[in-house]
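Input: a single structure, listed below in structure tokens.
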Amino acid sequence: KIAEAQYREIGDSFLAPSTDERDQSAIQDAYKELRSYLADYPAAKESKHVQELLADVLSRLVRHELSVARFYFNRGNYDAAVGRIQYALRNFSRTRVEAKKGLKGEGIDVDSGREPEALFLLAETYMKMQRWEDASGALEILVAQYPLSELRTQAKSYLVFLATKKASKSASLSAPQGH
């Protein structure tokens, strides 16, 4: 009940700014409580419901980080954008909640559902930075790990584009340099 109450504290109102633009402390509190509940009671009958709430909280946390990353991206601060995206992927994607001691082998995986979006934005940011290898890496993960993503087709197109970039770069490196 405490975990669910923390979740309800997030609140969505059409009168208030979106949760992406507001203080994230209520969402962070809900995140901690929901994870704690799943760690303490992984096999409880409410666990499925709590997992759904946690997935929503993770999605909100990733969405907030991507919103901030887009802010930086749109202002040309690509390093800051990369930092926010990597933070979101490292901390809020495919979260594994391990059961507390005494419940060996118990664990629950929860996905935010926003990983493809984060990887795609990461690739776009790397492309702006002309970090072609890093962009390819992010897109390859998206294509390989998220076959049902609506971004997969666009990611494949970018991979073809990046392959031509790599080919032209390697051709220019191997061409004799004039004096």
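What to note about this one:
- Legend: residues His49, His64, sorted from most to least accessible area (1.4 Å probe; ligands, DNA and RNA excluded), read His49, His64.
- FRET efficiency for the pair His49 and Gln86, taken as 1/(1 + (r/R0)^6) with r the Cβ-Cβ distance and R0 = 45 Å, rounds to 0.90.
- For Asp79, the accessible surface of its heavy atoms amounts to roughly 110 Å² (probe 1.4 Å, protein chains only, rounded to the nearest 10).
- Extending 7 Å from Cα along the Cβ direction at Ser157 and again at Ser67 yields two label points whose distance is 2.8 nm.
- Rounded to the nearest 10 Å², the accessible area of Thr164 at probe 1.4 Å: 80
The values are calculated or read from the model by the stated rules, or taken from the named source; none is laboratory data. Everything numeric in this text was worked out from a predicted model, so none of it was measured. Here the Cβ is made from the backbone with ideal geometry for all residues, glycine too, and neighbour counts use every protein chain on show. Calculation scope for accessible area: heavy atoms of the full protein, side chains included, ligands and nucleic acids excluded. Shrake-Rupley method; radii C 1.70, N 1.55, O 1.52, S 1.80 Å.
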